[in-house]
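Participant: The following block contains the structure, expressed as structure tokens.
The values are calculated or read from the model by the stated rules, or taken from the named source; none is laboratory data. Quick caveat, the model's predicted, so the values are computed rather than measured. Using ideal geometry, Cβ is built from the backbone for each residue, glycine included, and neighbour counts are taken over all protein chains shown. To get the accessible areas, we keep the full protein, side chains included, count just its heavy atoms, and leave off ligands, DNA and RNA. Shrake-Rupley method; radii C 1.70, N 1.55, O 1.52, S 1.80 Å.
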Amino acid sequence: MILLKNCDLISMGPLGHGKYDVLIEGSKIKDIAPQIDAAGDVRLIDCEGKVVTPGLVEAHCHLGGMSDGGSHINEITGPIQLGLRACDAIDLDSDDFKRALRHGVTSMAVCPGSSNLIGGTYMTVKSAGDSRESRIIRAENGYKMALGENPKMNYSKRNQSPATRMGATALMREQFFKVKNYREKYLAHEAGEDNGWKYDFGLHSLMMIFDDTVTKIHAHSAEDILAAIRMAKEFGLKLSVEHCTAGWQIVDDLKEAGFRYIFGPSLGGKSKNELADKSLETPAIMEKAGLRFAITTDSGVIPMEGMLTQVAVHVKHGLSRPKAMKSITIDAAWCVDIDDRVGSVEVGKDADIVIWNMHPLETMAKAETVIVDGVVRLENGEVL
Amino acid sequence: MLIKNASLYDMAGLWGEKRDIRVEDGKIVKIGEGLRAKKDEEVFDAKGRPVTPGFVDAGSSAGIAVQIHRFDRQEANEQGSPIQSQMRALDAFYMFDEGIEQMRESGVTSMLSGPGNDNLIGGTYVVVKTGGKSFSSMVIKEEAAFKFVLTNAPRKNYGGKQKSPQTRMATGAMIRGELFKAKAYYDAKASGKPQPFDMKTEMLARVFDGMLCKFYAISENDIRLAVRIAEEFGLNYTVDMAQDAFKMQDFLAEHNVRVCMGSLYGNTGGQESDEGKLDNASKLNDARFDWCMESNHPMLNGQVIQPYMCLLRKWGLQPEKILKAWTIKAAEFAGIADRVGSIEPGKDADILVWSGDPLDYYSNIDLMLIDGEKIG
């Protein structure tokens, strides 16, 4: 057991912000109270003068997918890639994850890239643990798809579809119709109907989009975001819009649709047209509109050490601090449906906790101690 | 204009001292205490806020590798031959590139802007202010330096097409070959019996008159190659990027190498160095080699420069070292310290008044002067 005494706790949960002791038993948070007395075999960590938060959550990244110099996350041989799994490609032992840990990031969604309309499934995973396998939250957390420039660019130069945005949505909708039919036939078959159903590897995998998993669709520009929303409504997908770069232009549509939104990466340049409307004010506008959203580094696009920097710059441009903290903790966890386990310091949740020298949004803030699943994985800033 | 009550970090000895600064005709004319406003002189009361020189970026491609460059406006890398000594960034410079605004967001008022990394010799840098009434008023030097690239980028670009350079040996041989030619050409001209005109050689020969050579090298062997070539031909040079410099400090000190340190933010050395990391920031405090910093924008985007400076501070680099690396040191290494890089009488009035500590995420630039003109 670990007892964190005298925490200036920013819980990101119902307890809000206050002075608490936190008791960890095994991999879970056992108790949070103004005063918990140590009893039995307890390791005491005095957090007096420190700020304590849940481990940060990165809702969209590519850690371990490109760290050896190659790209293992874009199978650019056809725009529809069914049955591909990021979990088979990601190097969980990569230094990328140690970096994440050093910057207080304990959970992340690791995704296929955006070169294909349907890129494969993404995983959710912790940044540290006893073994690679034990760190996995969900090996297949949902599908990752992409609209916009990247698939268009890759395939149009080969004289293949999609060469246009119309081509992109038509190809995606075709798959959604197919998998919907396949699933109906499969379920009827499972219920005993002799309907000639035949196993299809790709469609069988894609069925998960109807099974309460979050489908991530890369969409920067307003027309792409709206197309993603349109398709999600048509097929009943649990949608998360990835990037939302032009989201500020259509906040009312985002609000009305009520999906999950992941904004970013934003700090830095514009390499392509779909980033033309990027603005540092977007999170402030989204907050004002009452949206619930995450802010992502899309790391490696923005390195992990820039996660808090980026969010701080958004605070400088009008985002409130509490909302900023949510965007990299509980709301980020919600965006990928792991908020039942992580994203806040609450009794019963995973003991993923960061002890900071000061408020994490301050310039000089550093993660001093990081606990993942109840085990101290970083101490005095050093990965153990 | 008279800036009153500055907390002045002039990069020439004053560190947070209270001073007034007089600006006339685009230049700094006087720095003192209790200066009285002249008749009709505009007064800006800094009210004790920090005042620094405008930042200087010793190596960028803003205005050349412009924002949103993926489909059009790829102007930074001429293709077809790895030797492009006749290219001038000056001729491609797009003064309305959003990248220049991004530079200003971080407080950069002067920069060397040059070609990209795909060629062994990419061409020459232009030195520009990041704001001004016209392009001609922004240009400090039309051609300030040559860009040599010893990193993997040209080897990938040409090697992949089954052309040289594929290897480091070819990188060295091809650059040396050009310099031998240029030296012979230069000597012939000096002796009054010039060789027939050859554009590339004519342009490159200027390095023998002391024109700055910026050698981009990331890994240890490429850095050594840069120094070997520079010494062989007696060049005025810096080594740029140079993330592996941390591994070879004695060598760099021994050879008096000036390093324009590339970004330490986000594994920017790629596969060529594992030293491009913020952990190394504090090592610069007592580095045994002489260094400044540069962005290589868009690699480290202009907008990220000031947040990056904050990160360097967070990871242990002393504030004075950070600010000097992006002002006076950068100006000295780029050969423009006679005009920019510090707040001293006679220099260009490129001045920043900050809302708070320049090395804090939340500080704004409340006043930016470039050549004495208010920007933004």
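Participant: Between B:Ala188 and B:Lys163, what FRET efficiency follows from the Cβ-Cβ distance if R0 is 25 Å, with the result rounded to 0.05?
Facilitator: 0.25
Participant: Hey, what do the phi angles of region A:9-19 turn into as Karplus ³J(HN,Hα) couplings, whole Hz, using 6.51/-1.76/1.60 and θ = phi - 60°, x for Gly and Pro?
Facilitator: So the Karplus estimates, Gly and Pro as x, are 8, 9, 6, 6, x, x, 6, x, 10, x, 8 Hz.
Participant: Same structure again: Find me the longest stretch of chain B that has none of the exposed chymotrypsin sites (Phe, Trp or Tyr not before Pro), where exposed means in a DSSP loop (not H, G, I, E or B) with at most 13 other Cβ atoms within 10 Å.
Facilitator: Longest run free of exposed loop sites: B:198-376.
Participant: Using the Karplus curve 6.51 cos²θ - 1.76 cosθ + 1.60 with θ = phi - 60°, work out ³J(HN,Hα) for each residue of region B:229-242 in order, rounded to whole Hz, and write x for Gly and Pro.
Facilitator: 5, 4, 6, 4, 9, x, 8, 8, 9, 10, 9, 10, 6, 6
Participant: If you don't mind, another one. Sequence-distant or interchain residues sharing an amide H contact under 5 Å with B:Cys292, placed H: which?
Facilitator: Placed amide hydrogens put B:Val259, B:Cys260, B:Met261 under 5 Å from B:Cys292.
Participant: Got a sec? Charge dipole of chain A, +1 on Cβ for Lys and Arg, -1 for Asp and Glu; which of A:Leu101, A:Ile229, A:Phe259 is way out at the positive end?
Facilitator: A:Ile229
Participant: R0 = 30 Å: FRET efficiency of B:Ser134 with B:Val29, Cβ-based, nearest 0.05?
Facilitator: So the FRET efficiency works out to roughly 0.80.
Participant: When the Cα atoms of the protein assembly as shown are enclosed in a convex hull and the volume is divided per residue, what value in Å³ results?
Facilitator: Enclosed volume per residue, from the Cα hull, is 181 Å³.
Participant: In percent, what relative contact order does chain A have, based on Cα pairs under 8 Å that are 6 or more apart in sequence?
Facilitator: Rounded, it is 20 percent for chain A.
Participant: Hand me the GluC sites (Glu not before Pro) from region A:176-284 located in a DSSP loop with no more than 12 other Cβ atoms within 10 Å, in residue order please.
Facilitator: In loop regions of region A:176-284 (DSSP not H, G, I, E or B), the sparsely surrounded GluC sites (Glu not before Pro) are A:Glu193.
Participant: Let me ask another. Nearest 100 Å² is fine: what is the total accessible surface buried where chains B and A meet, probe 1.4 Å?
Facilitator: Counting both chains, the buried surface is close to 2900 Å².
Participant: Taking 35 Å as R0, compute the FRET efficiency from the Cβ-Cβ separation of A:Lys28 and A:His359 and round it to 0.05.
Facilitator: 0.85
Participant: What is the local net charge at A:Glu25, summed over the other residues whose Cβ is closer than 15 Å to its Cβ (Lys, Arg +1; Asp, Glu -1)?
Facilitator: Charge balance near A:Glu25 sits at -4.
Participant: Now, a different point. Ranked from the most accessible area to the least, with a 1.4 Å probe and all protein chains present, what is the order of A:His314, A:His204?
Facilitator: Result of the area sort, largest leading: A:His204, A:His314.
Participant: I've got another one for you. Amide H to amide H, which residues 5 or more places from A:Met358 or on other chains are under 5 Å from it, using H placed in the peptide plane?
Facilitator: A:Val51, A:Lys366
Participant: Dipole magnitude of chain A about its Cα centre, charges +1 at Lys/Arg Cβ and -1 at Asp/Glu Cβ only, in debye to the nearest 20?
Facilitator: Roughly 980 debye, rounded to the nearest 20.
Participant: Please give me, ordered by residue number, the trypsin sites (Lys or Arg not before Pro) of region B:38-103 that lie in loop per DSSP and have at most 11 other Cβ atoms within 10 Å.
Facilitator: Sparse-neighbourhood loop trypsin sites (Lys or Arg not before Pro): B:Lys38, B:Lys39, B:Lys47.
Participant: Report the label-to-label distance for B:Gln74 and A:Val347 in nanometres (one decimal), using points 7 Å from each Cα along the Cα→Cβ vector.
Facilitator: According to this spin-label approximation, the distance is 6.0 nm.
Participant: So, with +1 on the Cβ of K and R and -1 on the Cβ of D and E, and no other charges, what is the size of the charge dipole of the protein assembly as shown about its Cα centre, to the nearest 20 debye?
Facilitator: In debye, rounded to 20, the protein assembly as shown gives about 1280.
Participant: Using Cα-Cα distances under 8 Å and only pairs 6 or more residues apart, what relative contact order does region A:74-176 have, in percent?
Facilitator: The normalised contact order for region A:74-176 reaches 26 percent.
Participant: Ordered by residue, what ³J(HN,Hα) values in Hz, to whole numbers, does region B:312-321 give under the Karplus form 6.51 cos²θ - 1.76 cosθ + 1.60, where θ = phi - 60° and Gly and Pro are x?
Facilitator: Running phi through 6.51 cos²θ - 1.76 cosθ + 1.60 with θ = phi - 60° gives 4, 5, 4, 8, x, 7, 5, x, 4, 5 Hz.
Participant: Which is the longest part of chain B that has none of the GluC sites (Glu not before Pro) sitting in a DSSP loop with at most 14 other Cβ atoms within 10 Å?
Facilitator: Result, exposed sites excluded: B:43-376.
Participant: Taking Cα centroids, how far is region B:311-347 from region A:350-384 in Å?
Facilitator: About 34 Å separates the Cα centre of region B:311-347 from the one of region A:350-384.
Participant: Report the relative contact order of chain B, percent, no decimals, based on alpha-carbon pairs under 8 angstrom and at least 6 residues apart.
Facilitator: So the answer I get is 20 percent.
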